[in-house]
Structure formats: structure tokens, C-alpha cells
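Everything on this sheet refers to the single structure shown next.
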Amino acid sequence: MRDNLEEKTNTLENKYSEDVQVVEKNGREFIIVGTAHISRQSADLVKEVIIREMPDTVCIELDEKRYKALSEKNRWENLDLKTIIKEKQLSTLLMNLVLASYQKKLGEKLGVTPGTELLEAANTAKELNLPIELCDREVRITLRRSWNLMSLWQKIKFLTGSLAGLFEKQELTEEKLAELRSKDVLSEMMEELGKAMPVLKRVLIDERDTYLAEKMKRAEGKKIVAVVGAGHVKGIINHLENDINVDLSEIEEIPKSAPVVKIIGWGIPAIIIASITYIGYSKGLTEAGDNALFWFLANGIPSAIGALIALAHPYTIIASFLAAPFTSLTPVIGAGYVAAFVQVYFQPPVVKEFESVMTDFNKPKKWWKNKLLKVFLVFILASLGSVLGTYIGFFEIVSNVIN
């Protein structure tokens with residue numbers, strides 16, 4: 001049985017390339033095509049494999065939203081920014097943009113749109129009237145699991161590293177992509193990611209290996225062609241060969257923030273209010289009023305300055321100044337979200353700015369000119385100003401209590 005499988009795999013590798021792997025389990029055949037998401041060669045290989053093999057089902061490393069984003073050119077124009085801000089999903093969208101923009105930057109060097117081979121798989125299957133199975137976990141869940149499971153330091157490390165990578169000049173050729181797809185290099189990359197950011201590797205790679213493999217097992221038919229990123233191939237094969245059964249609901253849950261985050265989120269406001277109350281009781285209402293005013297200004301001014309640096313609408317600057325002292329007393333909503341909502345209301349992005357967001361994202365100056373990117377800029381700088389003001393106000397008021 002094993003010899004037959006190796007022979008089949010070798011035959012396919014000779015027919016196509018070493019990027020095609022085969023797993024036979026329980027009378028079913030899984031033909032796994034490992035791809036680079038920014039490679040024209042991968043797109044051509046995917047089409048060739050599907051046409052020649054004519055599988056019962058084509059499994060693709062996409063979820064419904066990512067498939068819609070790839071297949072619809074006007075995906076950014078359809079964003080409902082006000083709803084996204086109300087649901088406090090702006091940070092998740094920004095994280096998605098960081099990852100997507102970096103991939104797009106690399107893809108532009110090769111003249112290939114990121115995810116071309118995934119879309120090629122779907123289009124080829126449709127042309128041949130073959131069933132399609134979108135097998136990836138919803139991107140929103142993956143991103144929120146990644147974000148919520150990271151510590152504050154890991155979040156800072158990820159964002160600074162990702163933003164630095166956006167502006168790093170590097171040459172990428174098909175030869176280098178071929179090297180990246182090789183087993184040894186990919187294993188090394190996964191190991192390095194595991195050492196540097198264990199949480200990211202677990203959520204972005206390991207969990208999705210499990211998810212993709214389980215979805216492939218649930219697909220109909222005896223012959224399955226699966227189109228996935230090369231980094232997932234090893235993990236998927238391991239799950240299929242060992243016939244591991246997994247309850248997907250466990251890795252579809254969005255984890256709650258760590259208790260310490262809630263304690264800090266509610267603890268600081270509680271200490272501030274208690275401190276001002278104590279000052280009023282022990283030193284008089286005038287002293288309490290002075291401390292309350294200091295809190296208001298310490299929060300409002302930095303947040304307003306942040307919005308001003310972003311060249312936000314005047315009403316956004318005023319809203320940042322007025323909102324920060326109050327939002328800092330509750331973890332329910334931040335000053336950045338209030339500022340972003342007001343900015344969208346008074347200076348909504350136009351269609352051309354939605355269309356150019358992925359290109360403008362890599363150009364720092366464009367963040368002040370593209371109204372969609374300016375919303376993110378307002379969100380980030382107003383939030384940073386509020387955080388800075390919260391700590392300044394906190395230490396000043398607590399020191400007044402101690403002294």
C-alpha cells in the first residue's frame with residue numbers, strides 16, 4: 001500500500017512538480033497542491049492539475065469572505081466603515097490590511113495579484129462543473145484569535161515588524177519563490193516563526209492546518225484536489241495520514257481577553273475615581289476639582305494632538321479632546337474609535353480612495369491624503385494620545401493621594 005502511494009506520488013511529481021503531494025486514506029485520494037500565493041507558476045500548476053485529474057471536489061484555502069474579496073474587484077467600496085467602527089473591528093481590519101498589503105507588495109514585483117492561484121482553482125472548477133469546497137477558517141476568526149491570544153509586547157512586536165516590512169526594499173523572483181516552497185526552507189521558516197511568535201504560528205499555521213485537513217475529509221467524493229499554501233502542506237498531510245478527528249468548534253471560538261486585561265481596564269478607572277473622591281474628602285472639593293481638571297486635560301490634549309497630527313477634521317479633533325477623558329474611564333470603547341467614527345462622518349472616503357488603498361498603504365505620505373487610510377491614522381494617533389494621557393493623569397492623581 002505504502003509502495004503504491006509512493007509510486008503514485010512520484011508519478012504526479014514527474015507529471016507536474018514536487019509541489020504536488022498525494023495522500024490515500026480510507027479508500028480516498030487527496031491530491032494536495034502546495035502553492036505560493038504570489039506566483040504565476042503556481043496558478044498555472046493549479047489549473048493543470050485540476051484539468052488533468054478531474055476530481056470529485058476541489059478544496060481551496062479560502063473562506064467565504066476571502067473568496068468574495070478575491071472575486072469582486074469592488075470589495076473595498078463595499079466596506080461599511082461606520083458599522084466596522086461601531087463593532088470595534090477597526091483594529092482587526094487594520095491587521096488584515098497590514099498582512100494583505102505586504103503580500104500585494106511582493107506580488108507586484110512578479111506581476112501577480114495575491115491569491116491568483118486560489119481564484120484560478122475556483123474558476124477552473126466552475127468551467128469544468130466541479131464542486132468547490134471553501135475549506136479555510138473565516139479570516140475574521142483567525143485574525144481575532146491571533147490578536148486576542150497575543151500579549152501586549154507580542155502585539156507591539158508584530159505591528160512594528162510588519163510595518164517595517166512594508167517599506168523594506170527586496171527583490172523576489174520565481175527562483176526565490178521556488179526555494180521558499182521547498183520543504184527544508186519552509187520547515188526552517190516555520191520553526192523560526194514558532195520561536196519568535198509561538199502564538200502566531202499556532203493560530204495562523206497549526207490551527208489552520210487542522211481546519212483545512214478536517215474540511216478536506218468532509219468534502220464529498222473519492223478524489224479530492226486541494227489547493228493550499230505550501231506552508232500548510234506538511235501539517236495537512238500529517239492530519240490526513242494519522243486520521244486525526246477534531247472538533248472544529250474549539251478553534252472557531254474567539255478567545256476572551258486575559259483576566260489581567262479586564263483588571264487593568266476597569267482597575268485604572270476605579271483607582272482614579274476613588275482617588276479623586278478621597279482627595280475631595282481629605283483635602284476639599286477645590287483640590288478634587290483641580291485633579292479632575294488635570295485628568296480631563298491630561299487625556300484630552302494628547303488625544304486631540306494625535307488627531308491634529310493626522311490632519312483630521314476639526315470636529316474630529318474636538319471630539320477626541322472631549323471623548324478621551326471619559327473613554328479612558330471605561331474599557332468598553334476607546335477615544336480612537338470615537339475619533340474614527342467622527343472622521344468617517346465628516347470626511348467619508350470616496351470610491352477612488354477605496355480602490356487605491358492597497359497601493360497607498362505602502363506609501364507613508366498617502367496616509368494623510370487617502371481618506372480611508374486617514375481614518376486608520378486618526379484611530380491610531382488619537383488612541384496613542386489617550387493612552388499617554390491616561391498614564392500621565394493616573395500617576396499624577398495617585399501621587400497626590402500618597403502625598
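The values are calculated or read from the model by the stated rules, or taken from the named source; none is laboratory data. Source: prediction; values computed, not measured. Cβ atoms come from the backbone with ideal geometry, glycine included; neighbour counts cover every protein chain shown.
Among the residues of the stretch 218-228, is there at least one that is in a helix (DSSP H, G or I), in contact (Cβ under 8 Å) with a residue 60 or more places away in the chain and of a type in the set (A, V, I, L, M)? Within the stretch 218-228, none of the residues are in a helix (DSSP H, G or I), in contact (Cβ under 8 Å) with a residue 60 or more places away in the chain and of a type in the set (A, V, I, L, M). For the stretch 233-247, indicate whether the set of residues that are in a helix (DSSP H, G or I), assigned by TED's automatic domain parsing to the domain that holds residue 394 and at pLDDT 85 or above is non-empty. No - not one qualifying residue is present in the stretch 233-247. Only a single criterion out of (1) over 28 Å from the mean Cα position of the chain (by Cα); (2) under 15 Å from residue 296 (Cα atoms); (3) without any contact (Cβ under 8 Å) to a residue 40 or more places away in the chain is not satisfied by residue 387, namely (1). Checked against the criterion of being farther than 23 Å from residue 277 by Cα, of a type in the set (Gly, Ala, Ser) and either without any contact (Cβ under 8 Å) to a residue 24 or more places away in the chain or outside any helix (DSSP H, G or I) (or both), the candidates 292, 319, 340 yield just one match: 319. A single member of 83, 92, 57 is modelled with pLDDT of 75 or more and of a type in the set (Ser, Thr, Tyr), and it is 57. Taking each residue of the stretch 134-145 that is closer than 20 Å to residue 219 by Cβ and looking for partners that are of a type in the set (Phe, Trp, Tyr) and part of a helix (DSSP H, G or I) with beta-carbon atoms closer than 7 Å, six or more apart or interchain, yields 134/67; 136/211; 137/211.
From the list 280, 267, 284, the one residue that fits, being within 28 Å of residue 155 (Cβ to Cβ) and not β-branched (Val, Ile, Thr), is 267.
Contact annotation: residue pairs with Cβ atoms under 7 Å, 6 or more positions apart or on different chains, pairing a residue in the stretch 108-128 that is farther than 11 Å from residue 58 by Cα and in the same structural domain as residue 58 (by TED's automatic domain parsing) with a partner that is basic (Lys, Arg) and at pLDDT 90 or above, are 120/47.
Only one of these is among the charged types (D, E, K, R), within 22 Å of the chain's Cα centre (by Cα) and modelled with pLDDT under 80: 179, 168. Name it.
Working: 179 fails: within 22 Å of the chain's Cα centre (by Cα).
After applying the criteria, what remains is 168.
All conditions in (1) assigned by TED's automatic domain parsing to the domain that holds residue 151; (2) more than 26 Å from residue 150 (Cβ to Cβ) hold for residue 273, with the sole exception of (1).
Tell me, which residue of the stretch 278-311 that is within 19 Å of residue 375 (Cβ to Cβ) and small (Gly, Ala, Ser) is farthest from the chain's Cα centre (by Cα)? Spell out the reasoning first.
First, pick out the residues of the stretch 278-311 that are within 19 Å of residue 375 (Cβ to Cβ): 303-311.
If we keep only those that are small (Gly, Ala, Ser) as well, we get 303-304, 306-307, 310.
Numbers: 303: 26, 304: 28, 306: 24, 307: 24, 310: 23 Å.
The selected residue is 304.
For every residue, the table says whether it meets (1) assigned to a loop (DSSP other than H, G, I, E, B); (2) of a type outside the set (S, T, N, Q); (3) modelled with pLDDT of 90 or more; (4) more than 30 Å from residue 287 (Cβ to Cβ).
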position: 348; (1), (2), (3), (4): yes, yes, no, yes
position: 359; (1), (2), (3), (4): no, no, no, yes
position: 362; (1), (2), (3), (4): yes, no, no, yes
position: 367; (1), (2), (3), (4): no, yes, no, yes
position: 388; (1), (2), (3), (4): no, yes, yes, no
position: 401; (1), (2), (3), (4): no, yes, no, no
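For the stretch 249-267, the set of residues classified as touching a helix residue (DSSP H, G or I) at 6+ places or on another chain (Cβ under 6 Å) and assigned to a helix (DSSP H, G or I) consists of 251 only.
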